[in-house]
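A short write-up of the structure that comes next.
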Amino acid sequence: MIGRTGIIRAAVAFALVALWEVTARFGVIDPFFFSSPSAVAGVLAQQFGRGTIWRHLLVTFQEALWGLAIGFVVGAALAWIATRSQTVADLLEPVLLLLNAVPRIVLAPIFVMWLGLGIQSKVAVSFFLVFVVIFFAVYAGIREVDRALVERLIILGGSWRDLLLDVYIPSVLSWVFASLRVAVGFAFTGAIVGEFVGSSAGLGYLMNFATGSQNASLLMSTVVLIMAFIAVLFAILERAERRLMAWK
């Protein structure tokens, strides 16, 4: 059932789309540069009707989801190791803080130069962006665990498995879910920016092609697709968070 907030959001979105369409039709904005919702819808219908969009969607999703998965696993594992070893933490923390300050856009050409124009370079960009976010989320979540609670569980005979399942994972989950929305966006950002720099398929390739050919409708339709699919992923994450955080 749609709540009041959902209705308000839908109404605001509809009003913005209607305003965009009206201003484009009456020449308030130039449709050549800004396109219009009807033109964007026409491009999307044509792409899905011909089936040409599926290849690009599959390529971008494959790159983004591989980067997200590998970045999550590696980031969480290294964060756990860093919390177990102060030496590792002292080595990793300043390096990752420095790397996190590097503008994301400069990573794509570096990885493309190192790994080529294939999927590896796009996965690498996505991985790096996700890895840093997840590392600090898990690291902070573990460090925030109440030490007194850990000591009580050990005194009562709890094993490392009990500590992991009953203390650390519940504590870390709230931090991870708060960061996953950022990580998902970064995963797609990495894949698309990598494609924009150099590729023969993917949504970033379509955006680059649309920019080069001054095709505003194709450009905006690609942006709409990216937003729509990320919104779907956010909805899935929100549902998973409600189920896994029900204990709260």
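The values are calculated or read from the model by the stated rules, or taken from the named source; none is laboratory data. Being a predicted model, the structure only gives us computed values, none of them experimental. Every residue, glycine among them, receives a Cβ derived from its backbone with ideal geometry; neighbour counts consider all protein chains shown. Side chains included, ligands, DNA and RNA excluded: accessible areas come from the protein's heavy atoms. Shrake-Rupley method; radii C 1.70, N 1.55, O 1.52, S 1.80 Å.
May I ask for the longest run of the chain untouched by chymotrypsin sites (Phe, Trp or Tyr not before Pro) that are loop-located per DSSP and have at most 11 neighbouring C-beta atoms (other than their own) within 10 Å?
Longest run free of exposed loop sites: 27-246.
How much length would be gained if the chain were fully extended between Ala18 and Val145, taking 0.36 nm per residue of separation minus their Cα-Cα distance, in nm to one decimal?
So the chain would gain 40.8 nm between Ala18 and Val145.
On the accessible surface of the chain, probed at 1.4 Å, how many percent belong to carbon and sulfur atoms?
Whole-percent figure for carbon plus sulfur exposure: 70.
Given (i) 104, 42, 34; (ii) 73, 50, 31; (iii) 85, 44, 29 as candidate values of Cα extents along the principal axes in Å, which corresponds to the one derived from the coordinates?
Recomputing Cα extents along the principal axes in Å here gives the entry labelled (ii).
Got the relative contact order for the chain handy, in percent, Cα pairs under 8 Å and 6 or more residues apart?
26
Give, in nm to one decimal, the length gained when the segment between Asn100 and Leu115 is fully stretched (0.36 nm per residue of separation minus the Cα-Cα distance).
3.3 nm
If you count only protein heavy atoms and use a 1.4 Å probe, how large is the accessible surface of Arg143, to the nearest 10 Å²?
We get 140 Å² for Arg143.
Return the calculated 222 nm mean residue ellipticity for the chain, to the nearest 500 deg cm²/dmol, obtained by summing -39500 (n - 2.57) across DSSP H runs with n ≥ 4 and dividing by the residue count.
-27500 deg cm²/dmol
Could you tell me which helices of the chain pass both thresholds, a Cα extent of 18 Å or more along their own axis and a mean Kyte-Doolittle hydropathy of at least -0.5, with helices taken as whole DSSP H runs?
Counting only whole DSSP H runs, the qualifying helices are 4-25, 37-50, 53-84, 86-100, 119-143, 169-197, 216-244.
Give me the distance in nm between label points sitting 7 Å out from Cα along the Cα-to-Cβ direction at Ile236 and Asp90, one decimal.
Once both label points are built, they end up 4.2 nm from each other.
What residue among Leu68, Leu19, Leu225 shows peak mean-square fluctuation when the chain is described by a Gaussian network model with Cα springs under 10 Å?
Of the options given, Leu19 has the highest mean-square fluctuation.
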